[in-house]
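Here is the structure we will look at, set down as structure tokens.
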Amino acid sequence: MSRRATHIMELLGQAPEDGWSATELAQATAQKDTSVCRSLRALERRGMARQTDNKRWWITDAGREALNAPGGFVLKRSRPRKAALCFTGSARARLWRAMRMTKKFSVDDLLLRAFDGTEKKPRQTAFVYLKALERTGYVTRLRGSTRNDPRWVLVRDTGAIPPTVRTGGRVYDHNTGEEYRCAG
């Protein structure tokens, strides 16, 4: 759980007689009103806080129990993030879509399908992404492809959302929720 939500829960647990307003909580936590309202709504969805008709906030019995639990409480995301919205127009998303459509491809094939010529360093972007995907087993080099004109085949097509290359040689697959380390 975020420190902001934890602090809000602690304040709700020590609420004055008439409860807290969102503005009062924002002032007490030195946070923006919108951030505090977002945390309050998340707590309300989980049944840990409630809002009265006069726009005052109170902790619920469930919230009090969670706050007093031995290990504290953790506010987990109630629904998964929609990762597809983040990736639809990116260069790697277009590369991934082109790989899924053609199955066997060279860098030039991908450049023709995924880029319109306005991007900076499209060939380097494609090679870096392909190298990470190759090291994690998403693509494999085809036999007979030359060093000057390598060709690949997509062997692990897990879904529409492109795998994300992370720092430290890791690739995260949003479709399966798995993370792979680059081999070699």
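What the table shows:
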read-out	value
Inter-probe distance in nm under a simple model that places probes 7 Å from Cα toward Cβ, at K120 and T23	4.5 nm
Cα-centre dipole for the chain with unit charges at Cβ (Lys and Arg positive, Asp and Glu negative), debye to 20	1080 debye
Extension gain, R181 back to K131 (0.36 nm per residue minus Cα-Cα distance, nm)	16.7 nm
Ranking of F127, F115 by count of other Cβ atoms within 10 Å, fewest first	F127, F115
Percent antiparallel among DSSP beta bridges (both partners in the chain, rounded to 5)	100 percent
HN-Hα J in Hz across region 114-123 - Karplus 6.51, -1.76, 1.60, θ = phi - 60°, x for Gly and Pro	9, 10, 10, x, 8, 7, 8, 6, x, 5
Sequence-distant residues sharing a close amide H with R166 (under 5 Å, placed H)	V171, Y172
Virtual spin-label span in nm between S145 and A62, 7 Å along Cα→Cβ	5.2 nm
Top of A26, A93, A114 by mean-square fluctuation, Gaussian network on the chain, Cα under 10 Å	A26
Within region 15-59: Cβ-based charge dipole about Cα centre, in debye rounded to nearest 20 (Lys, Arg +1; Asp, Glu -1)	320 debye
Extension gain (nm, one decimal) between R170 and K55, 0.36 nm per residue minus Cα-Cα	36.8 nm
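Coordinate-derived values only; no laboratory data. Every value quoted in this text rests on a predicted model; they were computed, and no experiment measured them. So basically every Cβ, Gly included, is an ideal-geometry build from the backbone, and we count neighbours across all protein chains shown.
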